[in-house]
Ligand code: TK8
């Protein structure tokens with residue numbers, strides 16, 4: 001893709017973000033009355049962290065998903081670890097359902113110092129951190145093992161360090177799982193790109209996501225998560241795409257009639273801390289935050305994978321008509337989306353692009 005076109009995409013995202021920021025976050029739907037059973041939280045390992053100062057710290061931790069999500073469960077575990085191991089010197093207050101704003105608003109709150117932590121999807125951060133576009137590439141990961149290998153290995157750790165070292169006021173302390181994304185719509189069963197023609201689909205504020213759905217012949221609109229439920233309810237958009245757990249816990253089944261198990265993108269969550277807050281923490285507490293963020297990510301991934309099937313079957317019980325694609329049907333979507341790789345190869349950057357292609361058996 002020519003940089004000009006990419007810039008237009010990015011500007012569109014920013015423009016819309018501007019619009020959304022002005023409109024203020026409507027706040028995602030409250031937590032669902034789902035009966036998801038979470039895996040028990042592991043006991044806190046590691047003793048108390050000693051520091052010379054007796055100073056108290058408070059972390060305002062904002063997330064986009066509801067209290068019934070795996071994301072909230074993971075952050076609750078982080079809270080348990082940090083409060084216990086700091087002997088209460090660090091307090092963590094969690095704000096779910098985009099109460100502190102959407103992913104972009106919460107990330108800028110960290111940069112301005114009005115909040116301390118958040119855990120956005122990587123997609124809306126692409127304009128700030130172009131290499132994150134690699135995770136939006138369609139059908140990049142076939143399974144969670146491949147995703148874990150990339151995120152927990154040298155590639156993922158290098159991206160965390162690059163974000164921390166660049167001058168955007170953020171410290172990237174770990175990865176967690178948003179998960180494999182599925183398509184939902186209010187029009188009817190979708191089992192081929194042809195059925196997507198003209199469909200008004202909301203995407204995250206990501207130029208890659210826009211490109212993916214354009215290649216499929218749909219009509220994509222970037223929008224913050226906080227605005228999504230209302231937009232589906234009012235028919236501003238016909239469709240969206242998210243993991244089963246989010247579709248359930250954000251009650252999208254109330255405003256969508258059909259779903260297709262596309263698994264078209266695996267989205268990570270990235271755990272961020274305000275750099276100005278980080279620099280105020282004594283070194284032992286900085287180490288504790290890193291350790292607790294890794295433990296949060298490991299536990300949250302287990303929870304997310306464990307409830308993914310539960311969420312899909314509960315959605316069926318709630319009346320969502322789910323289309324399971326055959327291999328050849330899924331291959332048709334994959335083929336259509338192939339040009340996206342060339343469109344964003346330059347933006348992602350040669351070495352990273354090639355490393356990820358190799359790690360995911362995509363290298364030609
Ligand atoms: C929640 C978002 C959400 C994402 C989206 O903060 O925007 O559709 O999948 O999970 O990050």
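Go through region 45-72 and give me each residue that's within 21 Å of the chain's Cα centre (by Cα) and surrounded by fewer than 12 Cβ atoms within 10 Å (Cβ to Cβ).
None; the set is empty.
Tell me, yes or no, whether region 162-181 has at least one residue that is within 26 Å of residue 295 (Cβ to Cβ), within 16 Å of the ligand (Cβ to nearest atom) and surrounded by fewer than 18 Cβ atoms within 10 Å (Cβ to Cβ).
Looking through region 162-181, none of the residues is within 26 Å of residue 295 (Cβ to Cβ), within 16 Å of the ligand (Cβ to nearest atom) and surrounded by fewer than 18 Cβ atoms within 10 Å (Cβ to Cβ).
Does any residue of region 229-240 turn out to be closer than 26 Å to residue 332 by Cβ, in contact (Cβ under 8 Å) with a residue 60 or more places away in the chain and buried (at least 21 other Cβ atoms within 10 Å of the Cβ)?
no
Kindly evaluate residue 291 against the criterion of being in contact (Cβ under 8 Å) with a residue 12 or more places away in the chain, closer than 30 Å to residue 85 by Cα, surrounded by 24 or more Cβ atoms within 10 Å (Cβ to Cβ) and away from the ligand (no atom under 12 Å from the Cβ).
Spelling it out, it is not the case that residue 291 is in contact (Cβ under 8 Å) with a residue 12 or more places away in the chain, closer than 30 Å to residue 85 by Cα, surrounded by 24 or more Cβ atoms within 10 Å (Cβ to Cβ) and away from the ligand (no atom under 12 Å from the Cβ).
Could you give every pair whose Cβ atoms fall below 7 Å, whose first residue belongs to region 270-283 and is assigned to a helix (DSSP H, G or I), and whose second residue is buried (at least 22 other Cβ atoms within 10 Å of the Cβ), counting only separations of at least 6 or pairs across chains?
Taking only residues 6 or more apart or on different chains, the pairs are 275/170; 275/171; 277/116; 278/171.
Does region 49-59 contain at least one residue that is in contact (Cβ under 8 Å) with a residue 60 or more places away in the chain and under 17 Å from residue 250 (Cα atoms)?
Checked against the condition, which is being in contact (Cβ under 8 Å) with a residue 60 or more places away in the chain and under 17 Å from residue 250 (Cα atoms), region 49-59 yields no hits at all.
Out of everything in region 79-132 that is away from the ligand (no atom under 16 Å from the Cβ) and farther than 26 Å from residue 288 by Cα, what residue ends up being surrounded by the most Cβ atoms within 10 Å (Cβ to Cβ)?
Going through the qualifying residues, I end up with 131.
Given (1) under 15 Å from the mean Cα position of the chain (by Cα); (2) over 14 Å from residue 177 (Cβ atoms), where does residue 114 come up short, assuming only one miss?
(1)
Looking only at region 206-249, filter to residues that are more than 14 Å from the ligand (Cβ to nearest atom) and touching a strand residue (DSSP E or B) at 6+ places or on another chain (Cβ under 8 Å); which one of those is farthest from residue 342 (Cα to Cα)?
Filtering region 206-249 for residues that are more than 14 Å from the ligand (Cβ to nearest atom) and touching a strand residue (DSSP E or B) at 6+ places or on another chain (Cβ under 8 Å), the one farthest from residue 342 (Cα to Cα) comes out as 236.
Being touching a helix residue (DSSP H, G or I) at 6+ places or on another chain (Cβ under 8 Å) and on the phi < 0 side of the Ramachandran plot is true for just one of 112, 108, 69, 76. Which residue is that?
69 is the lone residue from the list that is touching a helix residue (DSSP H, G or I) at 6+ places or on another chain (Cβ under 8 Å) and on the phi < 0 side of the Ramachandran plot.
Looking at this structure, is residue 155 surrounded by fewer than 22 Cβ atoms within 10 Å (Cβ to Cβ) and in contact (Cβ under 8 Å) with a residue 24 or more places away in the chain?
For residue 155, the condition - surrounded by fewer than 22 Cβ atoms within 10 Å (Cβ to Cβ) and in contact (Cβ under 8 Å) with a residue 24 or more places away in the chain - is met.
Here are the criteria: (1) surrounded by fewer than 24 Cβ atoms within 10 Å (Cβ to Cβ); (2) assigned to a loop (DSSP other than H, G, I, E, B); (3) within 13 Å of the ligand (Cβ to nearest atom). Tell me which single one residue 189 does not satisfy.
Every listed condition holds for residue 189 apart from (3).
For region 28-41, does any single residue satisfy the condition of being closer than 26 Å to residue 314 by Cα, modelled with pLDDT of 95 or more and crowded, with 18+ Cβ neighbours inside 10 Å?
The answer is no, given that none of the residues of region 28-41 is closer than 26 Å to residue 314 by Cα, modelled with pLDDT of 95 or more and crowded, with 18+ Cβ neighbours inside 10 Å.
The values are calculated or read from the model by the stated rules, or taken from the named source; none is laboratory data. Here the structure is a predicted model, which is why all the values come from computation and not from measurement. All Cβ positions, glycine included, derive from the backbone under ideal geometry; neighbour counts span all protein chains shown.
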